[in-house]
Amino acid sequence: MPGSVPPPPPAAAVDGGAPSPVAVSGPAHVVRLTLLMAGSCLPILGAVLIAPVLPRMQDHFTSTPGAKALVPLALTVPALSLALLAPFAGVIVDRLGRKRLLIVATVLYAVFGTTPLWLDSLGAIIASRALVGVAEAAIMTCCTTLIGDYYSGRQRAKYLALQAVCTSASATAFFVVGGAVGAAGWRVPFWIYAVSLVIAPLMAAALPSPAARASTHVARASTHVARASTHVARASTHVARASTHVARAATHKAPAVAMTGSPFPWRRLAGICTLTFFGAMVFYTVPVEMAYLLDDLGVEDPGTIGPATAIASAATVAGAVIFVRLKRAPEPMLPVVFAVCAAGFGVMFLAGSAPLLVVGAVVNCLGTGMLLPALLTSAMSRLAFEDRGRGTGLWTSAFFGGAFVCPLVLLGLESAVGSLAGAVGTLGLAAALVAAGLSAARRHADAVVPEPLPEQAA
């Protein structure tokens, strides 16, 4: 699997000379960036907010058959919906526009997110959580795509990394908030989903439409193109005649190469999406399983579990900041990042007390903080504008697909090795093997010249 990831050029090189299509300073820029970051945090809220109350939720539904497996799914089933629908959301984004879909999805997020407040069936709660994932698929794809639309080159890499910083920081805050309000009851955290009703109208007022802005320039340019096309059409008659002879000769010397248009870069994305799927399992292990690991060590109070998990999650923010400060291409960093994650899992496996467990989680989260922006920046560097929505959707699908299977994989490993800590240790071993494989792949690829990216091609 690691060897299938092609080495991209430095992210900063992408679009290096292209100006950003929107202003990158001033109040409008600050508001626009704030809204995109806030929207990007909504799926993270859905992923971690109720994590501290999962043990209490499981106690409430203890009489429900299969509750041990179903309750963790209430946390992660939005990721399944997001994984299944993100590619389609990407297609819709490319065809119908980013802004309209983002606003509608943000409103629906509040509607579906607060539904468990009035439901008494665990199955119905999981179904409502799946609908939250539908909204999250559109929100995450739109926000990430708009960052790619609004900014270019180093600015794009900077704001994609900032997106990772903000989502990681929000995860830390949501752990604390979820634990604090969860002390009043496991249903109380679901009220917080209503915050998106405040964000949606601000997005409608402040976010420009890239498609509308681009069409204005295209309309102006088309006048000049139409005038020039008359002369081009005349000349093309002679060119067409000559090209017939050239084409005949070329068929005997080399295979034909398409010179117009470029297909979607499936091959460029396949490796990074596969790696992202596994990376998401590494990323979500601490958010999903920390409460259960602490519970196994005798820590049962959500008011304590939330802050303890938040301490670990704060390291994710530090890791994302480190990624931004290093200003390096993501591909060479991935082996080291996975190795750090593996080391953290190793400490968690060996931990016999809550403080040592938190130390291991901090080490792991330091690695995952660098992992997410590295994977995302690597994926975005492979996409031209016309492919960005679909490509972002595929990457998002891979990431949240891994997030969904994370508790299921750990549950299976727990049954195989006998304990949740042992399951975490096994996943750490897998992360170490991935790190070694990536390192070997990089050594073999050092002499290979990477293909030009779509945005670098003439």
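Miscellaneous remarks
- Residue in segment 297-304 that is touching a helix residue (DSSP H, G or I) at 6+ places or on another chain (Cβ under 8 Å) and at pLDDT 85 or above present: yes
- Scanning segment 308-334 for residues that are assigned to a helix (DSSP H, G or I) and over 23 Å from residue 359 (Cα atoms) yields 324, 325, 326, 330, 331, 332.
- Unmet requirement for residue 401, which otherwise passes all of (1) buried (at least 24 other Cβ atoms within 10 Å of the Cβ); (2) under 11 Å from the mean Cα position of the chain (by Cα): (1)
- Taking the criterion of being among the aliphatic types (A, V, I, L, M), surrounded by fewer than 18 Cβ atoms within 10 Å (Cβ to Cβ) and part of a helix (DSSP H, G or I), the residues of segment 174-191 that qualify are 180, 188.
- Being surrounded by 15 or more Cβ atoms within 10 Å (Cβ to Cβ) and closer than 17 Å to residue 393 by Cα is a property that holds for residue 97.
- Any hit, segment 154-161, residues being at pLDDT 75 or above, assigned to a helix (DSSP H, G or I), within 22 Å of residue 387 (Cα to Cα) and of a type in the set (Ser, Thr, Tyr): yes
- Complete set of residues in segment 370-422 that are modelled with pLDDT of 85 or more and of a type in the set (Asp, Glu): 414
- Here residue 38 clears all of (1) at pLDDT 85 or above; (2) of a type outside the set (Ser, Thr, Tyr); (3) surrounded by fewer than 21 Cβ atoms within 10 Å (Cβ to Cβ); (4) in contact with a Ser or Thr (Cβ under 6 Å, 6 or more places away or on another chain) except the condition numbered (4).
- In segment 139-153, residue surrounded by the most Cβ atoms within 10 Å (Cβ to Cβ) [restricted to those that are of a type outside the set (Ser, Thr, Tyr) and modelled with pLDDT under 85]: 140
- Scanning segment 58-83 for residues that are under 14 Å from residue 182 (Cβ atoms), touching a residue at least 60 places away in the same chain (Cβ under 8 Å) and either surrounded by 21 or more Cβ atoms within 10 Å (Cβ to Cβ) or under 21 Å from the mean Cα position of the chain (by Cα) (or both) yields a count of 1.
- Any hit, segment 392-401, residues being farther than 24 Å from residue 86 by Cα and not β-branched (Val, Ile, Thr): no
- Any hit, segment 106-129, residues being at pLDDT 80 or above, within 14 Å of the chain's Cα centre (by Cα) and not in a loop (DSSP other than H, G, I, E, B): no
The values are calculated or read from the model by the stated rules, or taken from the named source; none is laboratory data. Just so we're clear, the structure is a prediction, and the values are computed from it rather than from any experiment. Positions of Cβ are generated from backbone atoms using ideal geometry, with glycine treated the same way; all protein chains shown enter the neighbour counts.
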